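Novice: I have a structure I would like to understand better, so I am pasting it below and will then ask my questions one at a time.
The values are calculated or read from the model by the stated rules, or taken from the named source; none is laboratory data. Because the structure is a prediction, the values reported are computed rather than measured. In this analysis, Cβ positions are derived from the backbone assuming ideal geometry, glycine residues included, and neighbour counts consider all displayed protein chains. Only protein heavy atoms, including side chains, enter the accessible area calculation; ligands, DNA and RNA are left aside. Shrake-Rupley method; radii C 1.70, N 1.55, O 1.52, S 1.80 Å.
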Amino acid sequence: MRGRPASAMGLLRQVDAVARAAFPTSLTALLMVLAAVPVGLPGLVPAVALPCIVFWSVFRPAALPPLAVFGLGLLGDLLSFAPVGSGVLTLLVVVGLVTRWRRFLVKQSFLAVWLAYCGVALGAAALEWLLQVVLGWRVVPVAPGFYQALMSAGLYPGLAWIMSRIHEAMSRAESAP
């Protein structure tokens, strides 16, 4: 980029850095909004949000600060008509657990990470169910939560493949001179 003043290059680098930092949260929010389109698959919004949040928490944890996770959880609650706060708390707990296991998970094979994700998805569905029972003061069926966990586990490989390509591209851009 010859011919550009140094201040313009510095500004472009700052804009690029901000865009890369905001991309995981923005991509997750976009996928959640797209999942809210009525296609006849109940529970698709949280089933799409969880793989994104777990992936970015493992491979780029600084990209999803707690405030972003809070916002994504609130967006998920509003899009899926869940009791407000249930998705927020669930996602914050998941991020806390995954961040704690991050050093272990980042060294594992895809299959091991996927199996760990399946456990996280089941735990998140159980927590979401419990929160809906407590907040709604009535027992709700377990089957939709189990279905959501299975759908989320099925979506993880495809979403992880796409996000890993994006993560690699972002890492290459960050290491470029």
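Novice: Out of (1) open to solvent by 40 Å² or more (accessible area, probe 1.4 Å); (2) within 29 Å of Val37 (Cα to Cα), the odd one out for Leu159 is which?
Specialist: Looking at each condition in turn, Leu159 falls short on (1).
Novice: Let me ask another. Is it true that Ile162 is touching a residue at least 60 places away in the same chain (Cβ under 8 Å) and hydrophobic (A, V, I, L, M, F, W, C)? Write out each step before concluding.
Specialist: Values: touching a residue at least 60 places away in the same chain (Cβ under 8 Å): no; hydrophobic (A, V, I, L, M, F, W, C): yes.
Judged against the criteria, Ile162 is not a match.
Novice: Going by what's in this entry, would Val120 be described as within 24 Å of Leu89 (Cβ to Cβ) and over 19 Å from the mean Cα position of the chain (by Cα)?
Specialist: Working: within 24 Å of Leu89 (Cβ to Cβ): yes; over 19 Å from the mean Cα position of the chain (by Cα): no.
Spelling it out, it is not the case that Val120 is within 24 Å of Leu89 (Cβ to Cβ) and over 19 Å from the mean Cα position of the chain (by Cα).
Novice: Here's another thing I want to ask about it. Against the definition (within 20 Å of Ser152 (Cβ to Cβ) and surrounded by 12 or more Cβ atoms within 10 Å (Cβ to Cβ)), how does Leu64 come out, yes or no?
Specialist: Details: within 20 Å of Ser152 (Cβ to Cβ): yes; surrounded by 12 or more Cβ atoms within 10 Å (Cβ to Cβ): yes.
Spelling it out, Leu64 is indeed within 20 Å of Ser152 (Cβ to Cβ) and surrounded by 12 or more Cβ atoms within 10 Å (Cβ to Cβ).
Novice: Look through Thr99, Thr90 and report the one residue that is polar (S, T, N, Q) and in contact with a Pro (Cβ under 6 Å, 6 or more places away or on another chain).
Specialist: Values: Thr90 fails: in contact with a Pro (Cβ under 6 Å, 6 or more places away or on another chain).
When all the criteria are applied, what remains is Thr99.
Novice: Taking the conditions exactly as written (farther than 15 Å from Val45 by Cβ, touching a residue at least 60 places away in the same chain (Cβ under 8 Å), surrounded by 16 or more Cβ atoms within 10 Å (Cβ to Cβ) and out of contact with any Leu (no Cβ under 6 Å at 6 or more places or on another chain)), does Val98 satisfy them or not?
Specialist: On the way: farther than 15 Å from Val45 by Cβ: yes; touching a residue at least 60 places away in the same chain (Cβ under 8 Å): no; surrounded by 16 or more Cβ atoms within 10 Å (Cβ to Cβ): yes; out of contact with any Leu (no Cβ under 6 Å at 6 or more places or on another chain): yes.
It is false that Val98 is farther than 15 Å from Val45 by Cβ, touching a residue at least 60 places away in the same chain (Cβ under 8 Å), surrounded by 16 or more Cβ atoms within 10 Å (Cβ to Cβ) and out of contact with any Leu (no Cβ under 6 Å at 6 or more places or on another chain).
Novice: Which count do you get for residues in the stretch 120-170 that are of a type in the set (Asp, Glu), more than 30 Å from Arg20 (Cα to Cα) and out of contact with any Ser or Thr (no Cβ under 7 Å at 6 or more places or on another chain)? Reasoning before the result, please.
Specialist: Going residue by residue through the stretch 120-170, those that are of a type in the set (Asp, Glu) are 128, 168.
Right, trim to more than 30 Å from Arg20 (Cα to Cα) and you get 128.
If we keep only those that are out of contact with any Ser or Thr (no Cβ under 7 Å at 6 or more places or on another chain) as well, we get none.
Residues flagged as of a type in the set (Asp, Glu), more than 30 Å from Arg20 (Cα to Cα) and out of contact with any Ser or Thr (no Cβ under 7 Å at 6 or more places or on another chain) within the stretch 120-170 amount to 0.
Novice: Further question on the same structure: Would you tally the residues in the stretch 113-141 being touching a residue at least 60 places away in the same chain (Cβ under 8 Å) and open to solvent by 40 Å² or more (accessible area, probe 1.4 Å)?
Specialist: Residues of the stretch 113-141 that are touching a residue at least 60 places away in the same chain (Cβ under 8 Å), as a first pass: 117, 120-121, 124, 128.
With open to solvent by 40 Å² or more (accessible area, probe 1.4 Å) added as a condition, the list becomes none.
Summing the residues that are touching a residue at least 60 places away in the same chain (Cβ under 8 Å) and open to solvent by 40 Å² or more (accessible area, probe 1.4 Å) in the stretch 113-141 gives 0.
Novice: Then there is this: Take the residues in the stretch 76-87 that are touching a Pro at 6+ places or on another chain (Cβ under 9 Å) and open to solvent by less than 40 Å² (accessible area, probe 1.4 Å); name whichever of them is nearest to Leu155 (Cα to Cα).
Specialist: Gly76
Novice: Mind counting the residues in the stretch 103-112 that are loosely packed, with under 15 Cβ neighbours inside 10 Å and touching a residue at least 24 places away in the same chain (Cβ under 8 Å)?
Specialist: Number satisfying all stated conditions: 2.
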